[in-house]
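See below for the structure under consideration.
What follows draws every value from the coordinates through simple rules; no lab data is involved. All figures in this text were calculated on a predicted structure; none of them were measured in a lab. Positions of Cβ are generated from backbone atoms using ideal geometry, with glycine treated the same way; all protein chains shown enter the neighbour counts.
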Number of protein chains: 2
Amino acid sequence: MQMLRETILELGYVLPGNILNANAFLNHQLNTQLLVQIGRAFAGHFNRLGVTKILTIETSGIAVAVTTGIELRVPVVFARTTPTPTIGSDHYSASAYSYTKQVRHEVIVARKFIQPQDRVLIVDDFLARGEAVAALASIISQASAILVGIGIIIEKAFQDGGEKIRAAGHEVFSLAKIKSLSPPNRIEFVD
Amino acid sequence: MQMLRETILELGYVLPGNILNANAFLNHQLNTQLLVQIGRAFAGHFNRLGVTKILTIETSGIAVAVTTGIELRVPVVFARTTPTPTIGSDHYSASAYSYTKQVRHEVIVARKFIQPQDRVLIVDDFLARGEAVAALASIISQASAILVGIGIIIEKAFQDGGEKIRAAGHEVFSLAKIKSLSPPNRIEFVD
């Protein structure tokens, strides 16, 4: 996706620890027109699969889940990673380690929002080690729903998350695949 | 806004402590088509004011900020309330107490994303005591930018946030104003 690659090269920069700082367009400031294009790309790709619900994880997955959900005309559910008094005790949970924030999260979704008949599309901003996607996939499995695919904006192809998820039989559709990152601003894409 | 009121009455329910649980459409599961309508309503109302940026606060403000930003064709900035290693030290901050979660947050926005020439529209899901809006308004003021108005999905009109912000000279545009809440599901609107 050309617009995405250009934005990454123009506004992204690299921090030590293989972190791509996308705060100028994806993780703190949001380029809304880019997000519309990304939502359209995900919707176009997964349209054929009868998606009934989009699942993502707070915080940075919410924006792209919304633009994808608008296009596919389905609701979004965002998993919580911080306790909130309104979610109640009747929920699915799974555990995910964030390498960026160096903390382990409990990932929580209220049971009533994922039903066995749901065909769920996971979307997220980044895929690196695959911890967040694995936790969301576990929740879909706990709900006896069907995971139809995973839409990722930026995949760090030099880390093993994508490989692990594809090896588990899931389709991962990534709009930008990064081959290598070197501080402060060397960003190399796959092909 | 009729569609919003109907959704609140159908899917909202009331928890002790004047909490309106909107998890079925706004705070955990997101009704994307409703969010599009809300974004259009905010954009229609504030269109005349030359908005250059939308400011909200993670987590639940992000979705509506995105749909409003799409309509107004401007970027969104969402303030962080949890520390994140990518945001750096060059930021504005203000403090806000969350009555729902009963914790005090530090509200953080990187300086480069709010400039003195910006005309900023604040949007958020709920307005109750006005703590989050006051923190965001403080950040806009620290940045020497202009706060052009505040768009709120659900205002708890029986609490003093709206009154305080209007008394400070700001325009608050609320799509649903609630007069009273009684558990488990008595929800009364203003007028």
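Computed over chain A, the per-residue total of -39500 (n - 2.57) for DSSP H runs of n ≥ 4 gives a 222 nm mean residue ellipticity of -8500 deg cm²/dmol, rounded to 500. With its label point defined 7 Å out from Cα along the Cα-to-Cβ axis, B:N185 lies at 5.6 nm from the matching points of the other copies, in increasing order.
Positive end of the dipole of the range A:2-189 (Cβ unit charges, origin at the Cα centre): among A:H28, A:A167, A:A143, the Cα lying farthest that way belongs to A:A143. With a simple spin-label model that places each label point 7 Å from the Cα along the Cα-to-Cβ direction, the separation between B:S182 and A:I146 comes to 4.7 nm. Phi angles of the range B:118-129 translate, via the Karplus equation with coefficients 6.51, -1.76, 1.60 and θ = phi - 60°, into HN-Hα couplings of 6, 10, 9, 9, 8, 10, 7, 6, 10, 10, 10, 8 Hz per residue; Gly and Pro are given as x. Close amide H pairs (under 5 Å, H built 1.01 Å from N) link B:K53 with B:R119, B:L121, residues at least 5 positions away or on another chain.
Inter-copy label distances at A:Q37, using a point 7 Å along Cα-to-Cβ, come to 3.1 nm with the shortest given first. Starting from the label point of A:F158 at 7 Å along Cα→Cβ, the same points in the other copies fall at 5.8 nm, in ascending order. Each other residue within a Cβ distance under 9 Å of A:V172 adds +1 if Lys or Arg and -1 if Asp or Glu, for a net charge of -1. The label-point distance for B:Y99 and B:R40, in a model that sets each label 7 Å from Cα toward Cβ, rounds to 3.3 nm.
A:E6 to B:R48: FRET efficiency via 1/(1 + (r/R0)^6), r the Cβ-Cβ distance, R0 35 Å, to the nearest 0.05? Could the numbers behind the result be given before it?
Values: r = 33 Å, r/R0 = 0.93.
Between A:E6 and B:R48 the formula returns 0.60.
Each label was represented as a point 7 Å from its Cα along the Cα-to-Cβ direction; for B:K164 and A:S89 these points are 3.4 nm apart. Per-residue shielding of B:12-18, expressed as the average number of other chain Cβ atoms within 10 Å of the residue Cβ, stands at 1.
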